[in-house]
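Q: This structure is in structure tokens; I'll ask about it shortly.
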Amino acid sequence: MVSLSPFSFILYLPANFLPFGNGERVTPRLDNGSSEAIKLQQPFKFFGRTHNQTFVNNNGHLTFTEPLSDYIPLLNSRRDIVAPLWTHLDNRHGGTISYREDTSSVVLELVTAAVIQYFTNLPLPFTATSVFVATWDSVPYSSGEGVILKLCLSVF
């Protein structure tokens, strides 16, 4: 988990923390592919910059200004990147990469409780108002071997 500003957080949680697979959008089955630009319902503050859109990239990361096909970390890219998995994945061999922004009260309550539990120095009160969920479910490496399951939450 990473704290990005007083009001934005990224949590890497067990895949069963939130249900997925019902109503999410899915990225195309492409090697090094990405979603289209996803307009966020609420802006995401990331190290002093505010973003109104994101891209879910098939190689295990989120970007904000453009898709990113790279699977080797570029530390000096000058791009804002959230990278729960930065590796060479290929959803043409199976699995699903899905995403959604969630503002349901059940999800917001679960995420609010997790943020308060894990960020003990957080000035209270804190209440999540939107959650972006990206899931790489059973997506193998580009070699076709191995399976990845990762859930990434961006909390606003």
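What follows draws every value from the coordinates through simple rules; no lab data is involved. Only a predicted model underlies this, so the values are computations on that prediction, with no experimental measurement involved. Neighbour counts are summed over all protein chains in view; Cβ atoms, including those assigned to glycine, are modelled from backbone coordinates with ideal geometry.
Q: Using the alpha carbon gyration tensor of segment 32-156, what are the three equivalent-ellipsoid semi-axes (square root of 5 times each eigenvalue), largest first, in whole Å? Before the final figure, lay out the partial values.
A: Details: eigenvalues 137, 58, 36 Å².
So the three semi-axes of segment 32-156 are 26, 17, 13 Å.
Q: Which part of segment 104-119 falls in the paramagnetic zone of Asn22, meaning amide N under 17 Å from the point 7 Å along Cα-to-beta-carbon?
A: Residues passing the 17 Å test: 104-110.
Q: Looking at segment 51-141, which trypsin sites (Lys or Arg not before Pro) are in a loop (DSSP not H, G, I, E or B) and have at most 13 other Cβ atoms within 10 Å?
A: Passing sites in segment 51-141 are Arg78, Arg79.
Q: Going by amide H atoms built from the backbone, whose H comes under 5 Å of the H on Val56, apart from near neighbours?
A: Long-range HN contacts for Val56: Ser35.
Q: List, in order, the whole-Hz ³J(HN,Hα) value for each residue of segment 128-138 obtained from phi through the Karplus relation with A = 6.51, B = -1.76, C = 1.60 and θ = phi - 60°; use x for Gly and Pro.
A: 5, 10, 7, 9, 9, 10, 10, 10, 9, 9, 6
Q: Would you work out which of Phe44, Val139, Ala114 lies farthest towards the positive end of the dipole of segment 4-155, given +1 charges on the beta-carbon of Lys and Arg and -1 on that of Asp and Glu, about the Cα centre?
A: The listed residue farthest towards the positive side: Phe44.
Q: A follow-up question, please. Can you list residues from other chains, or at least 5 along the same chain, whose modelled amide H is less than 5 Å from the amide H of Ser130?
A: Correct list: Phe156.
Q: Select from segment 32-141 those chymotrypsin sites (Phe, Trp or Tyr not before Pro) which occupy a DSSP coil region and have at most 13 other Cβ atoms within 10 Å, ordered by residue number. Write down the numbers at each step before the final one.
A: Details: sites: Phe44, Phe46, Phe47, Phe55, Phe64, Tyr71, Trp86, Tyr99, Tyr118, Phe119, Phe126, Phe132, Trp136, Tyr141; in loops: Phe47, Phe64, Tyr71, Trp86, Phe119, Phe126.
In loop regions of segment 32-141 (DSSP not H, G, I, E or B), the sparsely surrounded chymotrypsin sites (Phe, Trp or Tyr not before Pro) are Phe47.
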